[in-house]
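Structure record follows, encoded as structure tokens.
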Amino acid sequence: MQKITLNGTLSISDTPSILNHMNYIITDLIDKTTETSITNILDTIHKSSNSIDKIVEIKGTIYINGHIFKGFGKLIFGKEDLKAKVNEYFVNGFPLERQLLELIGQNIEITIVDYTDSISEFIDDTTDITEDINNESKVS
């Protein structure tokens with residue numbers, strides 16, 4: 001299990017994500033030059049070969065009103081119904097990208113817990129990391 005917590009302003013990047021679709025980014029509130037792509041983290045989990053079922057937990061808090069959104073379960077990239085024209089990420093039935101789209105410009109904290117252990121490339125010494133107590137290997 002790996003956990004990353006991002007704090008900052010949510011926006012959409014002009015640069016597409018790893019899997020070439022809408023790219024949601026967090027710009028750090030303190031260091032305004034540091035941007036982290038939420039979408040690239042989700043893309044990395046989705047394309048990972050670590051697990052067939054890409055189990056994640058997503059929790060977000062909006063600073064201005066304290067509203068919390070969350071989802072737990074399998075990360076799915078697809079359409080909610082056949083009439084939808086755009087693929088997007090869902091966590092089980094929770095439409096994550098639709099929630100993010102509504103929050104563009106807001107200051108949020110978002111935590112992504114990856115139960116497939118595939119996001120180590122996004123984790124550095126300053127990121128909040130939680131490892132599975134049964135996993136003896138360390139994340140670098």
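The values are calculated or read from the model by the stated rules, or taken from the named source; none is laboratory data. Since this is a predicted model, take the numbers as computed values, not measurements. Positions of Cβ are backbone-derived with ideal geometry, glycine not excepted, and every protein chain shown enters the neighbour counts.
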What's the number of the condition Asp117 fails, among (1) over 22 Å from Asp31 (Cα atoms); (2) outside any helix (DSSP H, G or I); (3) out of contact with any strand residue (DSSP E or B) (no Cβ under 6 Å at 6 or more places or on another chain)? (3)
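Kindly indicate which of Ile108, Ile104 is assigned to a strand (DSSP E or B) and either in contact with a helix residue (DSSP H, G or I) (Cβ under 8 Å, 6 or more places away or on another chain) or modelled with pLDDT of 90 or more (or both). I'd like the intermediate steps shown before the answer.
Values: Ile104 fails: assigned to a strand (DSSP E or B).
Residue meeting the stated conditions: Ile108.
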In the range 19-48, residue surrounded by the fewest Cβ atoms within 10 Å (Cβ to Cβ) [restricted to those that are among the aliphatic types (A, V, I, L, M), over 20 Å from Tyr115 (Cα atoms) and in contact (Cβ under 8 Å) with a residue 12 or more places away in the chain]: Leu29
What's the total number of residues in the range 84-116 that are acidic (Asp, Glu), over 22 Å from Met1 (Cβ atoms) and surrounded by fewer than 17 Cβ atoms within 10 Å (Cβ to Cβ)? 1
So, in the range 41-55, of the ones that are closer than 23 Å to Leu6 by Cα and among the hydroxyl-bearing types (Ser, Thr, Tyr), which residue ends up modelled with the lowest pLDDT? Ser48
For the range 49-76, how many residues meet the condition of being without any contact (Cβ under 8 Å) to a residue 24 or more places away in the chain and basic (Lys, Arg)? 1
What do you reckon, is Ser51 surrounded by 14 or more Cβ atoms within 10 Å (Cβ to Cβ), over 15 Å from the mean Cα position of the chain (by Cα) and either among the aromatic types (Phe, Trp, Tyr) or within 20 Å of Asp117 (Cβ to Cβ) (or both)? yes
